[in-house]
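Asks: Here it is, the structure in full.
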Amino acid sequence: MTKFLLKRLGMMLLTLFLITLLTFILMHSVPGGPFTGEKQVSKAVLDALNEKYKLNDPLWKQFFDYVGGLLRFDLGPSFKYQGKTVNDFIENGFPYSAKLGGITLIFVLLASIPMGIISALKNGKWQDMLLMAIATIGVTIPSFVIATGLIYIFSFKLSWTPVYGVDSWKGYILPVIAMGGYSVSFLARLMRSSLLDVMGQDYIRTARAKGISETRVIFKHALRNALIPVVTVLGPTVANLLTGSFVIEKIFAIPGMGGYFVNSVTQRDYTTIVGMTVFYAAFLIAMVFIVDIFYCLIDPRIRYD
Amino acid sequence: MEPILQVRDLHTSFLTSNGEVQAVRGVSFDVERGKTLGIVGESGSGKSVTSLSILKLLGSTGKIRAGSIKLDGEELTGKSRKEMRSIRGGRIAMIFQDPMTSLNPLIPLGDQVGEMLWEHKKEMSKEKRDEKVIELFRMVRIPEPEKRLKAYPHEFSGGMRQRVMIAMALACRPELLIADEPTTALDVSIQDQILKLMRSLQQEMGMSIMFITHDLGVVAELADRVAVMYGGLIMEEADIYSIFQNPMHPYTIGLLASIPDMNQDKSKRLVPIPGSPPDMIRPPKGCPFAPRCQYAMRICANEMPPYVKTGENRRSMCWLLDPEAPETGNPFR
């Protein structure tokens, strides 16, 4: 197990390094730079700025300087916001994104798995039709449309929830639904098809032939098997939710990470782009790693040696 | 003595989007106490559906349309779900074809076998259950049974898994064991071990067995009586010697001609039965085997043949055996 963990850690660091390298190269190969804008900056100022942020150094040196900083968890200064560092952005934004994401994750799990189970058990009946119709809507309609619709009905017409902000718990209701809608629908469908598949397996017939109750057949024999594919997609889903959605954060005016990230791209804020990407990638890799450990716990066939 | 299982005029159908599949169309047989009834037939003959009907394990689309199933004189067809549960595993146990997929991959084998005891012997403590499982593992000749309680199916070979299935089935000493092609998925050498094991356990426990297979060789090893099924009907039923020595139904004769024989001239080719089984959504009006039967007469395709008593305690469903059938062209008289 230790050997596996070390091997895995090495792979994770290598992946992270390659992502950093790729983002770095892509960013620098796009024409323009952080200081090109509508208002022309004088040559002297530009030179001074380039000098200050070491943009005159050869690219490879810039890259290794950056990686050196990464190793000390220093993501560098922002090129656009004087006196701010990328670490500041993450420290400011991530708690908002993570809190919203965490609540959304709980909502997603509590809604999607029971939905999938009910649909599968009522396969072809009205409950299944209804839930899968909702799930189809959730998968096909983009989150900003759902968000707008929700705001119109619940905030504007009914005045039950605030239009923006997360000052009270009520403020979380609409963003959580809008942000989790896709994942709920997607996971509910996955859960349904997975459980249906498992219910047709030979070992379920064996379980029924033992005379145990149908409830026990489902909960003891079918569910754990059916959860395996759901756990697989859970890793990326968790990372996605916790690192924030720009659209949802923008609509509901939540000062999370998403806003910083999108702004940094449009403003060619090199360090922020790479920093946020690396942060997101590290998070995603860690979640996938946790999922792998979970696999080990639920499926005895998987052993990492 | 009254047979342990009496099935009379059983009809079972599956409702599909294409129509009603009439898998079993009026099947009657007995399983005698302590004896083995072999049910032989090719895929789609209705043999598995017959066995699943007895335990009502037909799924949501399968329905018993008519008939009676009596276990020790007690009618099963009208039983509620709850009543059926105490019969499944408790009084009638079942072993399935593919041991590789019939065990839950995520649950330790000891727990899977123990669950049978947990369900039917609620008063048993966890320690007692484990002890009993070890005893069962020993009974089916699993080596080092104490160490196997926590093992998972993927750690066992196919033959070992089938032993676990047998241990599970026998945990509550059922009166009847239904074995649905238990050796089909195994190597021939392992098949032989499993058959020998089943025979010795039957003698030890005195249970009755209903053995379903498409393999006449396997039936010869184990069965006392044989029912040959085709098209959802029993074509011929007789004791094991008569079936092999003196088959009366053209289908049985065809089946026997298609198995290789050690003493047979090697240059002689095996004789297959031409054609394929009938469509059970629109089963033929007459004998289901008529389109493939080389002796078929005009009446065979149009009218369902009656059962003809062909000897002491044996019967066949064939027009050729009817007293009024013409002498010419009849190979059996």
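Asks: Given the condition within 8 Å of chain B (Cβ to nearest Cβ) and within 25 Å of B:Gln112 (Cα to Cα), answer yes or no: does some residue in segment A:226-237 qualify?
Replies: The answer is no, given that none of the residues of segment A:226-237 is within 8 Å of chain B (Cβ to nearest Cβ) and within 25 Å of B:Gln112 (Cα to Cα).
Asks: Out of A:Ser97, A:Ser143, A:Ser119, which single residue is touching an Asp or Glu at 6+ places or on another chain (Cβ under 9 Å) and within 28 Å of A:Val262 (Cα to Cα)?
Replies: A:Ser97
Asks: Separate question: Taking B:His154 and the conditions (1) of a type outside the set (D, E, K, R); (2) buried (at least 19 other Cβ atoms within 10 Å of the Cβ); (3) within 14 Å of another protein chain (Cβ to nearest Cβ), which numbered condition does it fall short on, given that it satisfies the others?
Replies: Of (1) of a type outside the set (D, E, K, R); (2) buried (at least 19 other Cβ atoms within 10 Å of the Cβ); (3) within 14 Å of another protein chain (Cβ to nearest Cβ), only one is false for B:His154: (2).
Asks: Separate question: Hey, could you check segment B:66-75 for residues that are part of a strand (DSSP E or B) and touching a residue at least 40 places away in the same chain (Cβ under 8 Å) and say which is farthest from the other protein chains (Cβ to nearest Cβ)?
Replies: That would be B:Ala66.
Asks: Now for a different question. Taking the conditions exactly as written (buried (at least 21 other Cβ atoms within 10 Å of the Cβ), under 22 Å from A:Asp202 (Cβ atoms), β-branched (Val, Ile, Thr) and away from chain A (no Cβ under 14 Å)), does B:Val164 satisfy them or not?
Replies: no
Asks: In segment B:181-202, which residue that is within 14 Å of another protein chain (Cβ to nearest Cβ), closer than 16 Å to B:Gly38 by Cα and surrounded by fewer than 22 Cβ atoms within 10 Å (Cβ to Cβ) is nearest to the chain's Cα centre (by Cα)?
Replies: Of everything passing the filter in segment B:181-202, B:Glu181 is nearest to the chain's Cα centre (by Cα).
Asks: Regarding B:Lys63, is this residue basic (Lys, Arg) and either assigned to a helix (DSSP H, G or I) or within 10 Å of chain A (Cβ to nearest Cβ) (or both)?
Replies: no
Asks: Which ones in segment A:181-225 are touching a Gly at 6+ places or on another chain (Cβ under 6 Å) and either within 14 Å of another protein chain (Cβ to nearest Cβ) or among the acidic types (Asp, Glu) (or both)?
Replies: Of everything in segment A:181-225, those that are touching a Gly at 6+ places or on another chain (Cβ under 6 Å) and either within 14 Å of another protein chain (Cβ to nearest Cβ) or among the acidic types (Asp, Glu) (or both) turn out to be A:Lys210, A:Gly211.
Asks: Can you tell me how many residues within segment A:167-179 are touching a Leu at 6+ places or on another chain (Cβ under 7 Å) and in a loop (DSSP other than H, G, I, E, B)?
Replies: Count: 0.
Asks: I would also like to ask the following. Tell me which of these B:Thr50 doesn't satisfy, since it passes every other one: (1) part of a loop (DSSP other than H, G, I, E, B); (2) hydroxyl-bearing (Ser, Thr, Tyr); (3) modelled with pLDDT of 90 or more.
Replies: (1)
Asks: Does segment B:305-322 hold any residues that are surrounded by fewer than 16 Cβ atoms within 10 Å (Cβ to Cβ) and touching a residue at least 12 places away in the same chain (Cβ under 8 Å), and which are they?
Replies: If the condition is that a residue be surrounded by fewer than 16 Cβ atoms within 10 Å (Cβ to Cβ) and touching a residue at least 12 places away in the same chain (Cβ under 8 Å), then B:Pro306, B:Gly311, B:Asn313, B:Asp322 are the ones that fit.
Asks: I want to confirm something. Restricting to segment B:81-116 and keeping residues that are closer than 14 Å to A:Lys210 by Cα and part of a loop (DSSP other than H, G, I, E, B), which single residue is farthest from the other protein chains (Cβ to nearest Cβ)?
Replies: In this case the residue turns out to be B:Arg91.
Asks: Continuing with this model, one more query. Any residue in segment A:266-279 that is within 14 Å of chain B (Cβ to nearest Cβ) and either aromatic (Phe, Trp, Tyr) or surrounded by fewer than 19 Cβ atoms within 10 Å (Cβ to Cβ) (or both)? I'd like the intermediate steps shown before the answer.
Replies: Residues of segment A:266-279 within 14 Å of chain B (Cβ to nearest Cβ): none.
The answer is no, given that none of the residues of segment A:266-279 is within 14 Å of chain B (Cβ to nearest Cβ) and either aromatic (Phe, Trp, Tyr) or surrounded by fewer than 19 Cβ atoms within 10 Å (Cβ to Cβ) (or both).
Asks: Still on this structure: Looking at (1) closer than 24 Å to A:Asn263 by Cβ; (2) without any contact (Cβ under 8 Å) to a residue 24 or more places away in the chain, which is the one condition that is false for A:Lys7?
Replies: Checking A:Lys7 against (1) closer than 24 Å to A:Asn263 by Cβ; (2) without any contact (Cβ under 8 Å) to a residue 24 or more places away in the chain, the one that fails is (1).
Asks: Turning to a different aspect of this structure: Sort out which residues of segment A:143-175 are under 18 Å from A:Phe246 (Cβ atoms) and without any contact (Cβ under 8 Å) to a residue 24 or more places away in the chain, and write them in order of number.
Replies: Scanning segment A:143-175 gives a single hit, A:Val145.
Asks: Sticking with this one: Test of understanding: among B:Gly78, B:Gly34, which residue is away from chain A (no Cβ under 12 Å), surrounded by fewer than 23 Cβ atoms within 10 Å (Cβ to Cβ) and modelled with pLDDT under 90?
Replies: None of the other options fit; the residue is B:Gly78.
Asks: Within segment B:97-116, can one find any residue that is in contact with a helix residue (DSSP H, G or I) (Cβ under 9 Å, 6 or more places away or on another chain), surrounded by fewer than 22 Cβ atoms within 10 Å (Cβ to Cβ) and closer than 20 Å to B:Val31 by Cβ?
Replies: Yes, there is a match, as at least one residue in segment B:97-116 is in contact with a helix residue (DSSP H, G or I) (Cβ under 9 Å, 6 or more places away or on another chain), surrounded by fewer than 22 Cβ atoms within 10 Å (Cβ to Cβ) and closer than 20 Å to B:Val31 by Cβ.
Asks: Turning to a different aspect of this structure: Taking helices (runs of 4 or more DSSP H) that do not extend beyond segment A:196-256, which have at least 1 residues that are crowded, with 18+ Cβ neighbours inside 10 Å and either of a type in the set (D, E, K, R) or touching a Pro at 6+ places or on another chain (Cβ under 6 Å) (or both)? Break it down stepwise before answering.
Replies: Working: elements: A:202-209, A:223-242, A:246-251.
Helices (runs of 4 or more DSSP H) meeting the threshold: A:202-209, A:246-251.
Asks: So which helices (runs of 4 or more DSSP H) are wholly in segment A:70-165 and hold at least 3 residues that are in the same structural domain as A:Thr232 (by TED's automatic domain parsing) and closer than 30 Å to A:Arg216 by Cβ?
Replies: A:86-121, A:126-140
The values are calculated or read from the model by the stated rules, or taken from the named source; none is laboratory data. Being a predicted model, the structure only gives us computed values, none of them experimental. Neighbour counts are summed over all protein chains in view; Cβ atoms, including those assigned to glycine, are modelled from backbone coordinates with ideal geometry.
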